[in-house]
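Some notes on the structure that comes next.
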Amino acid sequence: MTTTLPQMFRVRQLFDGPRVDDVPAEVERQLAALNLQERISPGQSVAVSCGSRGIANIHLIIKAIAGHLNGIGAEPFIVPAMGSHGGGTAEGQRAVIESYGVTEEFVGCPIRSSMETVVVCETDEGFPVHFDRTAYEADHVVVCNRVKPHTNFVGEIESGLMKMMLIGLGKHAGAKIYHRAILDYSFGQIVRSVGRRVLKQCSIVAGVALVENSYDETARIAAVAPEEFEQREKELLVSAKKWMPRLLLREVDLLLIDRIGKNISGTGMDTNVIGRKFSDSDVDGEEMADVRRIVIRGLTPESHGNATGIGIADFCKTRLVEEMDVEATQINCLTGGSPSGAKVPIHYETDRQLLDMALPTIGLTEPQDAKMQWIQDTLHLREIECSAAYLEEAQGRDDLEILTELRDLPLDEEGNLPDWEAAPALV
């Protein structure tokens, strides 16, 4: 069955939000204000956490943190901190951060990757608190992470420094038990219960919290004293929610996503953007987008085969299934308490087949009249492709800039679209 596909036009989404122009200088300025030389003696070791997300400028930030610590006479080293990502292996986790440019040569200090943990205590809820052994054995720990809305939970504290102390530095063993606990208790209770014990018993000396704007740029860097983690994270989350990327055209019959990946989001694609935060297959009325069908085309190389979140999609391209490291994906989804995230959706070899099969499932709307959007991924939403059904609305919006005339989808002779990297040719 061949359908009549909608024509498309490109728009630039216009967002508000600040940007840090000199990232290393701002890291240095923020850390200098903490006067860490009063807490860290010359020659003492300092573990610096580095996670698996594709954080803007993460290599520069980690290097600047290490540089500051070296400058006060400390001996920093980097600890990959990402729960079960990287296939749940020390080698895999090291490879992940190195793929972001965080190498020993660049940052100027060692990387010590291990999956071994220490059980430091037990929570009031009755489960053990795990912490990376190499970090625990250091004299001090600096926690670095991006503050942003969580993909599954809502609260005053979501994803940031506190979560990094649980899932990231808890490694695979900690991540497994904490995600199980979250099914019986609230996320807010668990993150505070574990986080407060880690702060008290694991020599946390500082945090470096990062907030990004809607264009995947560093918007704010905040060095935070450990006793201020909770309060500062609440404040930073307000800004993160305000500045995060989103689909300004909220109602979507079919969302075509070029790629998912762990460097894009913990769930492969940010559920805050696509509107599947509370259910893999349905949309809550309070969410930022109302997307009826999700179609995925591929996986980022930086994800190293981890296709967590593939199960959220309704359809996908067969190449995504072939790129998927099944074991790594299953480990990550089971550890995170979301086995549905590893399910394989209906898939087809070509983009033409995908659209022919998916568009008739959107309801009574004819395929050529569908509200369809095509995006690179949920982190990069500066420019998107929109179907003709949006044209009149887009013409009346001051937060959208129309870049092209209507034109057909650029399918080749085999029925495939170009990857988004070639998208400038479409403008």
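One table, with the values for the structure above:
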| read-out | value |
| --- | --- |
| Lys277 vs. criteria modelled with pLDDT under 90, buried (at least 21 other Cβ atoms within 10 Å of the Cβ) and closer than 30 Å to Pro24 by Cα | no |
| Cβ-Cβ under 8 Å pairs, at least 6 apart or on other chains, segment 350-375 side surrounded by fewer than 18 Cβ atoms within 10 Å (Cβ to Cβ), far side of a type in the set (Val, Ile, Thr) and at pLDDT 95 or above | Met357/Ile346 |
| Residue ID - farthest from Glu217 (Cα to Cα), chosen from residues in segment 15-40 that are polar (S, T, N, Q) and without any contact (Cβ under 8 Å) to a residue 60 or more places away in the chain | Gln37 |
| Qualifying positions in segment 186-211 - in contact (Cβ under 8 Å) with a residue 40 or more places away in the chain and of a type in the set (Ser, Thr, Tyr) | Ser193, Ser203 |
| Total residues in segment 199-212, condition within 17 Å of Cys121 (Cα to Cα) and either surrounded by fewer than 23 Cβ atoms within 10 Å (Cβ to Cβ) or out of contact with any strand residue (DSSP E or B) (no Cβ under 6 Å at 6 or more places or on another chain) (or both) | 4 |
| Helices (runs of 4 or more DSSP H) within segment 76-185 that include 2 or more residues of a type in the set (Lys, Arg) and touching a residue at least 24 places away in the same chain (Cβ under 8 Å) | 171-184 |
| Glu327 vs. criteria surrounded by fewer than 15 Cβ atoms within 10 Å (Cβ to Cβ), within 27 Å of the chain's Cα centre (by Cα), modelled with pLDDT under 95 and not assigned by TED's automatic domain parsing to the domain that holds Leu166 | yes |
| Considering residues of segment 213-270 that are assigned to a strand (DSSP E or B) and small (Gly, Ala, Ser) only, the residue surrounded by the most Cβ atoms within 10 Å (Cβ to Cβ) | Ala223 |
| Residues of segment 226-262 satisfying the condition of being of a type in the set (Phe, Trp, Tyr) and under 28 Å from Glu401 (Cβ atoms) | Trp243 |
| Residue in segment 15-25 that is touching a Gly at 6+ places or on another chain (Cβ under 9 Å), surrounded by fewer than 18 Cβ atoms within 10 Å (Cβ to Cβ), acidic (Asp, Glu) and outside the structural domain of Ala307 (by TED's automatic domain parsing) present | no |
| Selection count, segment 89-110, where residues are among the β-branched types (Val, Ile, Thr) and crowded, with 19+ Cβ neighbours inside 10 Å | 4 |
| Qualifying residue in segment 129-145 (condition: assigned by TED's automatic domain parsing to the domain that holds Val194, out of contact with any helix residue (DSSP H, G or I) (no Cβ under 6 Å at 6 or more places or on another chain) and more than 18 Å from Ala81 (Cα to Cα)) | no |
| Lone unmet requirement of (1) within 17 Å of the chain's Cα centre (by Cα); (2) buried (at least 21 other Cβ atoms within 10 Å of the Cβ) for Pro301 | (2) |
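The values are calculated or read from the model by the stated rules, or taken from the named source; none is laboratory data. Since we're looking at a predicted model, the values are computed, not measured. Methodologically, a virtual Cβ is constructed for each residue, glycine included, from the backbone with ideal geometry; neighbour enumeration extends over all protein chains shown.
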